[in-house]
Amino acid sequence: MPEKVVIIGSGPAGWTAAIYAARANLKPLVFEGAILEENRIKGTLPLGQLNLTTEVENFPGWPYVDAGVMAQFSRSALPDERYMNLQGFYEGKQAHQGKRSALGPEQMEYMRQQAVNFGTRIITDDIAKVDFRRYPFVLTPRETGRTVEAMTVIVATGARANYLGLPSEERFKNNGVSACAVCDGALPRFRNQPLVVVGGGDSAVEEGTYLTKFASKVYLVHRRDKLRASQIMQQRAFDNPKIEPKWNRVLDEVLGTERDGVTGVRLRSTVDHREEKLDCTGLFLAIGHTPNTDFLAGQLQLDDKGYIRWTTPQRTYTSVEGVFAAGDVADNYYRQAVTAAGSGCMAALDAERWLAERGWL
């Protein structure tokens, strides 16, 4: 028997879709992704991009609470094997103290468990190949290779932030290195401190401008002598007294310690190769995102940036009937956890109504 709903992806969009589909008695099956070194390097491990962040202050419903209360909540809400993924936040030298909001990994574990509580089934594997040209749709997992048939599919594979690939950059991810100013910029470690943004497009200027609300100074590092950003965005950067461009520079190394996180960066000139050190407490990469759509092999329409195209206004419909898209894989503009979750809800409702209209429920 084909599955009524298969969800590919396990970020906020995927789990929200699973919660709604499960509560509608559609018995959703989620492919949450494979736990592989290749996926770790790409940033595509299960639980999505939010699992790579620290405090999540901009998702409604998580005011500051004592860290000890969060530990008790996790112990109560999660089975032992999932609680172990969070244990380091509550015990030992890295334990968080005082009041805080939910951390990204905590929130993702809670979302996952909420979906499980309503009967969602989970397979910890990637979907390597899809066949949307036949119906029911056929999905091929990466590890097992045992195909699954589906009456509807929700693609919620997200978009991974682009990084430079430096070992020092990897070392300080979530400890001063970020790819989302809106997500992390207001955190205490960045307030009234110098910060560095790498990039030269509209996103870099947006990130840098946003960070000036909190930082004492923002260095905008670009490898050329002029920005790629639109003229209005460039003028916005030049008019901001807190933003200082660093022209013809590339990032060579992120500096810091395990205890303090990022303490500075080393830049190299693209003109004469001279080096320069900047003191800072944070590095923000604004060099774009890559939607995780390779496995689709061109079977869904994409926009000019490679994101899945929604073909109907206010709906999560794609170019193939019965296939829906939710979250950052179809959103190159907002890219927030709350908007992803909202579109996950929409996709589940769209799938349910699509099945009902055909008398298949």
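The values are calculated or read from the model by the stated rules, or taken from the named source; none is laboratory data. No experiment lies behind these values; they were computed from the predicted model shown. As a convention, Cβ positions derive from the backbone with ideal geometry for all residues, glycine included, and neighbour counts pool all protein chains shown. What goes into the accessible areas is simple: the full protein's heavy atoms, side chains included, and nothing from ligands, DNA or RNA. Shrake-Rupley method; radii C 1.70, N 1.55, O 1.52, S 1.80 Å.
Quick one: check the C-alpha center-to-center distance for region 1-66 versus region 251-289, whole angstrom.
32 Å
Please report the antiparallel percentage of the DSSP beta bridges confined to the chain, to the nearest 5.
Bridges in the chain are about 50 percent antiparallel.
Given a 10 angstrom Cα cut-off, can you work out which residue in Pro46, Pro28, Pro241 is the most mobile in a GNM of the chain?
Comparing Pro46, Pro28, Pro241 in the GNM, the peak value goes to Pro241.
Excluding ligands, DNA and RNA, what is the solvent-accessible area per residue of the chain at a probe of 1.4 Å, expressed in Å²?
Heavy-atom SASA per residue in the chain reads 48 Å².
Considering only protein heavy atoms and a probe of 1.4 Å, how much of the accessible area of region 229-292 is carbon and sulfur, as a whole percent?
Details: 1560 of 3390 Å².
Of the solvent-accessible surface of region 229-292, carbon and sulfur hold 46 percent.
Where does the charge balance sit around Cys180 when Lys and Arg score +1, Asp and Glu -1, over other residues with C-beta under 14 Å from its C-beta?
Summing Lys/Arg as +1 and Asp/Glu as -1 gives -4.
Let me check against my output: what whole-number percent is the relative contact order of region 1-142, with C-alpha pairs under 8 Å and at least 6 apart?
Computed value for region 1-142: 32 percent relative contact order.
If you build a Gaussian network model of the chain, linking Cα atoms that sit under 10 Å apart, which residue out of Asp272, Asp331, Asp125 swings the most?
Looking only at Asp272, Asp331, Asp125, the biggest GNM fluctuation is shown by Asp272.
Just check region 207-290 against the gyration tensor rule for me: Cα atoms, a ≥ b ≥ c as the square roots of the eigenvalues, rounded for a/c under 1.5, and otherwise prolate or oblate depending on whether a/b exceeds b/c.
Taking the square roots of the gyration eigenvalues as a ≥ b ≥ c, region 207-290 is oblate.
Report the label-to-label distance for Glu321 and Asp239 in nanometres (one decimal), using points 7 Å from each Cα along the Cα→Cβ vector.
Inter-label distance under the simple model: 5.1 nm.
Based on the Cβ-Cβ distance of Ser76 and Val338, what FRET efficiency does E = 1/(1 + (r/R0)^6) give at R0 = 30 Å, to the nearest 0.05?
According to the calculation, E is roughly 0.75.
Percent of accessible area on region 72-217 owned by carbon and sulfur, 1.4 Å probe?
C and S fraction of accessible area: 47 percent.
When the dipole is taken about the Cα centre of the chain, and only Lys, Arg (+1) and Asp, Glu (-1) are charged at their Cβ, what size is it in debye, to the nearest 20?
340 debye
Mind checking which of Asn85, Asn332, Asn58 has the largest fluctuation in a GNM of the chain, springs on alpha carbons under 10 Å?
For the chain, modelled as a Gaussian network with Cα springs under 10 Å, the answer is Asn85.
Which of the peptides 100-106, 60-66 is most tightly packed, and how do the rest follow, going by the mean number of other Cβ atoms within 10 Å of each residue?
On the way: 100-106: 22.0, 60-66: 11.4.
So the order, starting with the most tightly packed, is 100-106, 60-66.
List, in the order given, every pair from Lys42/Lys173; Lys99/Lys217; Lys173/Lys242; Lys4/Lys305 whose Cα-Cα distance in the structure shown is over 20 Å.
Details: Lys42/Lys173 13 Å; Lys99/Lys217 27 Å; Lys173/Lys242 25 Å; Lys4/Lys305 31 Å.
Checking Cα-Cα distances, Lys99/Lys217; Lys173/Lys242; Lys4/Lys305 exceed 20 Å.
Scan region 3-97 for trypsin sites (Lys or Arg not before Pro) in coil per DSSP, keeping those whose Cβ has at most 11 other Cβ atoms within 10 Å, and list them by number. Could you put the intermediate results ahead of the total?
On the way: sites: Lys4, Arg23, Arg40, Lys42, Arg75, Arg82, Lys93; in loops: Lys93.
Here the sparse-neighbourhood loop sites are Lys93.
Rounded to the nearest 0.05, what FRET efficiency do Ala95 and Lys213 give with R0 = 25 Å and r taken as the Cβ-Cβ distance? Could you check?
0.25
To the nearest 10 degrees, how steep is helix 67-77 against the longest Cα principal axis of the chain, on a 0 to 90 scale?
That helix lies at roughly 20 degrees to the long axis.
Using the 4.7 Å Cβ rule, please list in number order the cysteines from the chain without any candidate partner.
When partners are defined as cysteine Cβ atoms under 4.7 Å apart, the chain leaves Cys280, Cys345 without one.
Rounded to whole Å and sorted largest first, what semi-axes of the equivalent ellipsoid does the C-alpha gyration tensor of region 1-102 yield via the square root of 5 times each eigenvalue?
28, 18, 13
Rg (Å, one decimal) plus Dmax (Å, integer) for the alpha carbons of the chain?
That works out to 21.4, 69 Å for Rg and Dmax.
Please compute the net charge surrounding Val338, taking Lys and Arg as +1 and Asp and Glu as -1 over other residues with Cβ under 14 Å from its Cβ.
With Lys, Arg at +1 and Asp, Glu at -1, the net is -2.
Calculated from DSSP H runs of 4 or more alone, at -39500 (n - 2.57) each and per residue, what is the 222 nm mean residue ellipticity of the chain, nearest 500?
Computed mean residue ellipticity for the chain: -7500 deg cm²/dmol.
Report the calculated FRET efficiency for Val182 and Arg309 (r = Cβ-Cβ distance, R0 = 22 Å), to the nearest 0.05.
Between Val182 and Arg309 the formula returns 0.35.
Run the numbers on the chain and let me know its relative contact order in percent, using alpha-carbon pairs under 8 Å that are six or more apart.
20 percent
How charged is the neighbourhood of Gly11? Take every other residue with its Cβ under 15 Å from the Cβ of Gly11, and add Lys/Arg as +1 and Asp/Glu as -1.
Values: positive: Lys42, Arg112, Arg160, Arg335; negative: Glu32, Glu106, Glu109, Asp126, Asp328, Asp331.
Once all neighbours under 15 Å are counted, the net charge is -2.
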